[in-house]
Amino acid sequence: MNRRVTLKTMVAAMALTLGLATSASAQTTIRYAHVGSEGDIQYWYAEEFAKRVEERTEGRVNVDVFPNSQLGGAQETVDGVRSGAIPLAHHEFGSLATLYPDIAAFAAPFAYRDGRHAMAATDPASSEVMQDLAGKMVEQANVRIIGRLYRGARQMTANKAVYGPEDLAGERFRGVPLQLWTTMINGMGAIPTPVEVAELPTALMTGMVIGQENPLTMINANKLYEVQTHVMLTGHMQNVLPVFINEDVWQSIPEADRAIMSEVAAEVGEETLELGLKAETDLIDELTGKGMTFITEADGLQVGAFRTSVGEQVAADYPDWAPLIERIQAIQ
């Protein structure tokens, strides 16, 4: 077999391995995985991204979305994108720590002033610190961030009222199965208990954990009001999720279509910011109507105490992050 035939065989095999299908009419189909369920902003983002990419590339790029952990949980998703088995996905910045540890700093608790600041700091087109760290992740892990979306501020829920870290002492509290969440839950005063999102309602219903934390959109979409009584408006994280793609897949897409995908990712991402900010207001009334009790600083919620204790734990577990967090906080 001559060298040219061998090369063609290798390229074809690689395309199959990457989960990237190209038809005779030059249509590329990309699988897109995420853990969100219908009603969550992240579900809307993926569906809207897929629709607009197909429209604007005139069918040259087709995105097949697999929501609700159909292709696996956090670690399976990240490992899949790294290998190319799952070409495209979104998840927490913390989940990308296995690819490049410092990228998780974009998920650090209490790092952002508000949602707009979080979106500006994580913009792959304009944020210097994002471009720096994301570029290193491409080099080290062959994974590229092409966009981000906003789910809202993460709030704490529990089956009892919580006012400060002392109220969580000795209590098992759900964390995303990632090291950064273990750090944060420790800082909140509780016992970190990793639970995948698909298993969360059952874990709360059975008492495996007494509480969890997520944006209000997720709390409502996953009907956590059926198994939780209180919402504490800690706003401890501005929940921005990176959209990331296997670099070999990305480079196999024509440049003009890559530009369209980046444009759509940014456009739909900005729309999630407006949706998320509106939902944070609207859902307080809706969830109250569904039986949840909201606790704010006016009611005695000690957000400052949580900020201090969580900050101390982050500093202890991630001692090299201080300069990175300073750069993130300096973004206007």
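So here's what we get for this one:
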{"item": "Failed item in (1) assigned to a helix (DSSP H, G or I); (2) surrounded by 16 or more Cβ atoms within 10 Å (Cβ to Cβ), with Ala316 passing the rest", "result": "(2)"}
{"item": "Enumeration of residues in the stretch 145-200 that are surrounded by fewer than 24 Cβ atoms within 10 Å (Cβ to Cβ), part of a loop (DSSP other than H, G, I, E, B) and out of contact with any Lys or Arg (no Cβ under 7 Å at 6 or more places or on another chain)", "result": "Asn159, Lys160, Ala161, Tyr163, Gly164, Ala169, Gly170, Glu171, Pro177, Leu178, Gly189, Glu196"}
{"item": "Tally, over the stretch 76-120, of residues that are crowded, with 23+ Cβ neighbours inside 10 Å, more than 15 Å from the chain's Cα centre (by Cα) and within 15 Å of Val138 (Cα to Cα)", "result": "1"}
{"item": "Odd one out for Ile295, checked against (1) under 21 Å from His90 (Cα atoms); (2) over 25 Å from the mean Cα position of the chain (by Cα)", "result": "(1)"}
{"item": "Asp79 being out of contact with any Pro (no Cβ under 7 Å at 6 or more places or on another chain), among the charged types (D, E, K, R), under 22 Å from Asp317 (Cα atoms) and part of a helix (DSSP H, G or I)", "result": "no"}
{"item": "Any hit, the stretch 232-239, residues being buried (at least 23 other Cβ atoms within 10 Å of the Cβ), touching a Pro at 6+ places or on another chain (Cβ under 9 Å) and more than 28 Å from Val195 (Cβ to Cβ)", "result": "no"}
{"item": "The one condition in (1) modelled with pLDDT of 95 or more; (2) of a type in the set (Val, Ile, Thr); (3) in contact with a helix residue (DSSP H, G or I) (Cβ under 7 Å, 6 or more places away or on another chain) that Val35 fails to fulfil", "result": "(1)"}
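The values are calculated or read from the model by the stated rules, or taken from the named source; none is laboratory data. Values in this document were obtained by computation on a predicted structure and should not be read as measured data. Glycine also receives a Cβ, built like all others from the backbone with ideal geometry; neighbour counts cover every protein chain displayed.
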